[in-house]
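To start, the structure itself, in C-alpha cells.
The values are calculated or read from the model by the stated rules, or taken from the named source; none is laboratory data. Just so you know, these numbers come straight off a predicted model, no measurement behind them. Note that each Cβ is placed from the backbone with ideal geometry, even for glycine, and that neighbours are counted across all protein chains shown.
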Amino acid sequence: MQPEDRLARRNALVLALAQALGGALTSITIALGGLVGVTLLGQSTHLATLPVSLMIVGTACGTIPAAMLMGRVGRRAGFMTGALTASIGGFIAFTAIMTGLFPLYCVGTFFGGFSFAFVQQYRFAAAEGATPGFRPKAISYVLAGGLLAGIIGPQTVIATRDLFAPTAFAGAYLAQAVLALFSIAVLAFYRGPLRAPESAEAAAGRPLRQILAEPKVQLAILVAVVSYGVMSLMMTAAPLAMLGCGFGTDDAAFGIQWHVIAMFAPSFFTGNLISRYGAEIIATIGLALLAFAGATALMGLELFHFYGALILLGLGWNFGFIGGTAMLTQAQRPEERARTQAANDFIVFGMVALASLSSGVLFQTAGWSPINWVLLGLVACPLVVMGIAGYVSQIRQADKLA
C-alpha cells in the first residue's frame, strides 16, 4: 500500500465510525418522523411527513455553509461543529416531543439535517490524499459506517420509545443527542489538513458554471440525484404505508433498519467493484435495482413486499450513489474539488428534499402505488442517458481504432 493510502485508510476508518454515530440521526427521524408528526398533529395528518422533509431541506441548506466553514477552519473542526449541531437538534426534538410542539419538532429535525450536510462531506474527505486506485475504496469504507448507523438508529427507537412514557418517542432523540456528542470524540482522531490549501492553482480553477456544463459532471450529478431522490421518495412514505396496512411501529422500524443496512452493507465491496468494472457500470446496476424496488412494491401489500422493496431500494441507492460519487471525483480537477462537491451536494439534497415533500403529498392524496410508478419513471431517465452515453463512447472508440 502506498504511504499516502495508509493515512487515507486511517482517516476512512475514523470517519466510518463517526458516520455510524452521526448517521443514526437520519434513520431515527426516517423511522419516527411521520409517526411523531401524526402524534403531535392529532387528526390533521397532511403535514405528518414534514419533519422528515425538513431534515432533508436542512441537509440541502447546510451543504454550502459546511463547505465554506471547512474551507476556513479545516475538515476536523468543521466536522466537530456539525456533530455539535446534531446534538443540539436532538435536544430540540426531545424538548418538542415532551412539550407537544410540532413546529419546534420541525426545527429539531431541520437542525439534524443541517448537521448531516457535514456528514456527507466525510466521503469526500476520505478520498482526499488517496491514490486514484484506492479512492473508491476509501469512499466505500466511510459509507460502510452507515451499516452500524442502520442498526444503531432503529434499535435506539425500539429501546427508548417508552423511556419517558406516556410520552412516546422522546427518548430516541435524547439518545441521538448523546450519540452525536460521542462522535465529536471520535472525530478528534481525524488527521486531514488543518486548513484547506489556498493557492494560485486553486484560484485558477474553472468557474462553477463551466464545471457544471461538463457532460461527465452533469451525468454524475444526475445519477446521484435520481439515486438519492427516488430512495427518499419511497422511504419517506413506507412507514406510513405499513401502518396504513395494519402493521405496527416495530414492523416499520424493523423495515427501515433492513433498508439502511442494505444501503450501507455493500460498501465493504462496492469500491472494489468500481475499481474493477468502472463507476458507470456499477451506477447502472444501482439504477436497475431501484427500478426492481418500485416493481416489488407494486406487487402487493404484505409485509414481505414492503421489506423486499426497502432492501432493494437500499442496495440500489448504494450502487447508484457511490457510483455517482466516484464518477464525480473522476470528472473534477483537484483545484476545483471544494466548489464542485458543494454544488453537487446542494443540487442532490435540494432535489431529495423536493422528493421527500412530494412523497408526503402523493401518499396523502393518491396512495402508495402512485409513488412507486413515479419512482419507475424517474429511474428510467438516467438509465436512458447512461445507455446513450455508453453507445456514443463505443462509437468513438471504434472510430479511433479504425
Inset, instruction - Mind checking which helices (runs of 4 or more DSSP H) fall wholly inside region 1-116 and carry at least 2 residues that are without any contact (Cβ under 8 Å) to a residue 24 or more places away in the chain and touching a helix residue (DSSP H, G or I) at 6+ places or on another chain (Cβ under 7 Å)? - result: 75-99
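Please work out if Arg396 is within 26 Å of Val142 (Cβ to Cβ) and part of a helix (DSSP H, G or I).
The answer is no for Arg396.
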Inset, instruction - Kindly indicate which of Pro136, Pro154 is under 19 Å from the mean Cα position of the chain (by Cα) and closer than 21 Å to Thr340 by Cβ. - result: Pro136
Inset, instruction - Would you confirm whether any residue within region 72-81 is of a type in the set (A, V, I, L, M), within 30 Å of Phe164 (Cβ to Cβ), crowded, with 17+ Cβ neighbours inside 10 Å and out of contact with any Leu (no Cβ under 8 Å at 6 or more places or on another chain)? - result: no
Inset, instruction - Kindly list, by first and then second residue, each pair from a residue in region 362-381 that is farther than 15 Å from Met235 by Cα to a residue that is not in a helix (DSSP H, G or I), limited to pairs with Cβ atoms under 9 Å and residues at least 6 apart or on different chains. - result: Thr365/His46
Legend entry - Checklist (1) assigned to a helix (DSSP H, G or I); (2) among the hydrophobic types (A, V, I, L, M, F, W, C); (3) surrounded by fewer than 24 Cβ atoms within 10 Å (Cβ to Cβ) applied to Ala130, failing item: (1)
Inset, instruction - For region 146-170, name all the residues that are closer than 21 Å to Met98 by Cα and part of a helix (DSSP H, G or I). - result: Gly153, Pro154, Gln155, Thr156, Val157, Ile158, Ala159, Thr160, Ala170
Inset, instruction - Would you point out which residue out of Glu280, Glu336 is charged (D, E, K, R) and closer than 26 Å to Ala66 by Cα? - result: Glu336
Legend entry - Entirely in region 196-307, the helices (runs of 4 or more DSSP H) that have 3 or more residues that are of a type outside the set (Val, Ile, Thr) and buried (at least 24 other Cβ atoms within 10 Å of the Cβ): 215-244, 249-264, 279-298
Legend entry - Filter result (at pLDDT below 75, within 19 Å of Ile274 (Cβ to Cβ) and in a helix (DSSP H, G or I)) within region 327-344: Arg337
